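Enquirer: Got a structure for you, written out below as structure tokens; questions coming shortly.
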Amino acid sequence: MKSIGIIGGGFSGTMTAIGLMKNSTAKIQIYLFEKDNLARGLAYADIDSHLLLNVRADQMGAFPDDIGHFYQWLQDKKIECEPSDFISRKFYGDYLSELLNSAVKESAAVVKVKIIKNQVIDIDTELKKIVFETHAPVKVDELVLAMGLKSPSGFNFTDIKQSDEPITIIGTSLSMVDVVVYLKSINYQGQIIAVSRRGRTPKEHQFYDSSVSRPVYDFTKNHSLSFVFETIKNNLKIYEWRLGIDAVRPHSQFLWSHWTIRERSQFLRYLRALWDIHRHRISPVHQKILEDLKTSGQLKIKTIGFKPYTPTTKIVIKCHGPNQLNNHFLQKLIEKKIVSEDCFHLGIESNKKWIHTIGPLRRGQLWECTAVSEIRVQAKQLAIELLAAL
Ligand SMILES: Cc1cc2nc3c(=O)[nH]c(=O)nc-3n(C[C@H](O)[C@H](O)[C@H](O)COP(=O)(O)OP(=O)(O)OC[C@H]3O[C@@H](n4cnc5c(N)ncnc54)[C@H](O)[C@@H]3O)c2cc1C
């Protein structure tokens, strides 16, 4: 029986496994290797229930052909909410766990699934064997790397429970918002100082019904960075800015893959920070928490520019985005030339035909590939490709 191994049981790995189970007609063996939070990953772990999804419930379905599926699941579970609500991320983890368990049961006659709860530390490419920290090696025919991008924060939400010592948060993006929301939920009373080069924080979502007109972009004839930038800028004069930004999203992978290295570099250098705060928005609930804490003076957002910064507090929480370079396993794969990094160190690409990548790891090739809406498409496509390759 042919076998497929998947390293990482977050959203990417779980949905690839489910895609395989749903589509396989031949008998196959799936191995899911996960060291921590199966079917939850970094984003949907069993964390504080105050932390909300930053996408509306009716857009978070795990399947590309049924985006309302998560909302329907919430209804079935009698969890009271509107389609446009921002739901606790914990529920999303419950949803994924249930999807995985059901798929395993429903496909049991054809697909064998073995979950190995262990850390993968190496890949033997000669023998196609996966090497673990404390488990015997496992041989596979095809392998999926779905390890996500490890967060460097190392922040444990329970660490600060008993203290009101001032805290510095390095970074003012989505992860900072998570930490602040958590601190508020435990009634933390100390001073919070969040610092970043430009002191920009994510913008807030707003609800628009389907009657509101939206721009339609066409970048097929001209996709140069300057043309794209001017087109969006002009549209933002006509349309509400959120609609102008969101309408770029279906084009962003196309644009990124067609830009020259120079254009990508210019985007990353001059536009990325601006893009990120407008594109990756937060729920109105989280926005209100930030505003209230800023108004009361408990939260200060500081712009520190590009000079080195030394925090003045004893507790420092690093929230400056994911950085896969901190991941020893990936480093090893790069050194052994099993995978290569792109020139901006955004992600990796496999150098072996039998090894595949999915999710945020593909940022170098696709740029926009970290959210559920992109990964659910990738997972389905990859599952079909893998089955064809066996
Ligand atoms: C805090 C947060 C909130 C988000 N909220 C939303 C949202 O509301 N809406 C949305 O669309 N997107 C959201 N996202 C983005 C998106 O859902 C995630 O990027 C997505 O979950 C990525 O999934 P993944 O499986 O690729 O990576 P991860 O979730 O990071 O999972 C990777 C898994 O691999 C495991 N792993 C890593 N290395 C090894 C190893 N060597 N051996 C064994 N296991 C290993 C890890 O333990 C982990 O469980 C959020 C992301 C984050 C971080």
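Enquirer: Of (1) among the hydroxyl-bearing types (Ser, Thr, Tyr); (2) assigned by TED's automatic domain parsing to the domain that holds PRO166; (3) within 27 Å of ASP85 (Cα to Cα), THR370 satisfies all except one. Which?
Expert: Going through (1) among the hydroxyl-bearing types (Ser, Thr, Tyr); (2) assigned by TED's automatic domain parsing to the domain that holds PRO166; (3) within 27 Å of ASP85 (Cα to Cα) one by one, THR370 breaks only (2).
Enquirer: Still on this structure, please answer the following. For GLY61, indicate whether it is modelled with pLDDT of 95 or more and surrounded by fewer than 21 Cβ atoms within 10 Å (Cβ to Cβ).
Expert: yes
Enquirer: Please count how many residues of the range 168-201 are of a type in the set (Lys, Arg) and in contact with a strand residue (DSSP E or B) (Cβ under 8 Å, 6 or more places away or on another chain).
Expert: Of the residues in that region, 2 qualify.
Enquirer: Which residues, taken from the range 338-366, are more than 20 Å from the chain's Cα centre (by Cα) and not in a strand (DSSP E or B)?
Expert: Of everything in the range 338-366, those that are more than 20 Å from the chain's Cα centre (by Cα) and not in a strand (DSSP E or B) turn out to be ILE338, CYS343, ASN351, LYS352, LYS353, TRP354.
Enquirer: Could you please let me know if ILE47 is within 13 Å of the ligand (Cβ to nearest atom), more than 26 Å from SER185 (Cα to Cα) and among the β-branched types (Val, Ile, Thr)?
Expert: The answer is no for ILE47.
Enquirer: Next question. Out of all the residues in the range 87-106, is one or more assigned to a loop (DSSP other than H, G, I, E, B), farther than 30 Å from LYS337 by Cα and within 12 Å of the ligand (Cβ to nearest atom)?
Expert: Yes, there is a match, as at least one residue in the range 87-106 is assigned to a loop (DSSP other than H, G, I, E, B), farther than 30 Å from LYS337 by Cα and within 12 Å of the ligand (Cβ to nearest atom).
Enquirer: Now for a separate question. Looking for something within 14 Å of the ligand (Cβ to nearest atom), of a type in the set (Val, Ile, Thr) and without any contact (Cβ under 8 Å) to a residue 60 or more places away in the chain - is there at least one such residue anywhere in the range 327-349?
Expert: Taking every residue of the range 327-349 in turn, at least one turns out to be within 14 Å of the ligand (Cβ to nearest atom), of a type in the set (Val, Ile, Thr) and without any contact (Cβ under 8 Å) to a residue 60 or more places away in the chain.
Enquirer: Can you work out which of the residues in the range 229-275 that are in a helix (DSSP H, G or I) and of a type in the set (Gly, Ala, Ser) is surrounded by the most Cβ atoms within 10 Å (Cβ to Cβ)?
Expert: Going through the qualifying residues, I end up with GLY244.
Enquirer: With the range 112-153 as the region, which strands (runs of 3 or more DSSP E) entirely inside it contain at least 2 residues that are near the ligand (Cβ under 8 Å from one of its atoms)?
Expert: In the range 112-153, the matching strands (runs of 3 or more DSSP E) lie at 120-124.
Enquirer: Any idea which residue in the range 216-228 is nearest to GLU263 (Cα to Cα), counting only those that are surrounded by 14 or more Cβ atoms within 10 Å (Cβ to Cβ) and either at pLDDT below 95 or out of contact with any Leu (no Cβ under 7 Å at 6 or more places or on another chain) (or both)?
Expert: LEU225
Enquirer: Being within 18 Å of the chain's Cα centre (by Cα) and among the polar types (S, T, N, Q) narrows it down to one residue among ASN23, ASN37; which is it?
Expert: Answer to the selection: ASN37.
Enquirer: Given the conditions (1) buried (at least 17 other Cβ atoms within 10 Å of the Cβ); (2) within 12 Å of the ligand (Cβ to nearest atom); (3) over 23 Å from THR201 (Cα atoms), report the number of the one that LYS380 does not fulfil.
Expert: Answer for LYS380: the failing condition is (2).
Enquirer: Let me ask something else. Any idea how many residues of the range 56-73 are assigned to a helix (DSSP H, G or I) and more than 14 Å from the ligand (Cβ to nearest atom)?
Expert: The number of residues fulfilling the criteria is 2.
Enquirer: Go through the range 75-93 and give me each residue that's crowded, with 16+ Cβ neighbours inside 10 Å and of a type in the set (Asp, Glu).
Expert: Residue satisfying the conditions is ASP85 alone.
Enquirer: Sticking with this structure for a sec: Of everything in the range 256-290, what is out of contact with any Leu (no Cβ under 9 Å at 6 or more places or on another chain) and of a type in the set (Gly, Ala, Ser)? Give them in sequence order.
Expert: Selection gives SER265, ALA273.
Enquirer: For the range 1-35, which residues satisfy the criterion of being within 16 Å of the ligand (Cβ to nearest atom) and either part of a loop (DSSP other than H, G, I, E, B) or acidic (Asp, Glu) (or both)?
Expert: Once the filter is applied, which keeps residues that are within 16 Å of the ligand (Cβ to nearest atom) and either part of a loop (DSSP other than H, G, I, E, B) or acidic (Asp, Glu) (or both), the range 1-35 yields GLY8, GLY9, GLY10, GLU34, LYS35.
Enquirer: Pull up the range 292-305, narrow it to residues that are exposed (fewer than 14 other Cβ atoms within 10 Å of the Cβ) and part of a helix (DSSP H, G or I), then point me to the one that is nearest to the chain's Cα centre (by Cα).
Expert: Residue satisfying both the conditions and the ranking: ASP292.
Enquirer: Still on this structure, please answer the following. Only one of (1) touching a Ser or Thr at 6+ places or on another chain (Cβ under 7 Å); (2) at pLDDT 95 or above is not met by GLU368, so which one is it?
Expert: It fails just one condition, (2).
Enquirer: When you go through (1) more than 8 Å from the ligand (Cβ to nearest atom); (2) within 22 Å of VAL181 (Cα to Cα); (3) within 18 Å of the chain's Cα centre (by Cα) one by one for LEU42, which number turns out not to apply?
Expert: Result: LEU42 passes all but (1).
Enquirer: Which is assigned by TED's automatic domain parsing to the domain that holds PHE132, of a type outside the set (Lys, Arg), closer than 21 Å to CYS369 by Cβ and without any contact (Cβ under 8 Å) to a residue 40 or more places away in the chain, of ASP66, ASP85, ASP36?
Expert: ASP66
The values are calculated or read from the model by the stated rules, or taken from the named source; none is laboratory data. Here the structure is a predicted model, which means the values were calculated and not measured. Because the Cβ atoms are built from the backbone with ideal geometry, glycine has one as well, and the counts that use them run over all protein chains shown.
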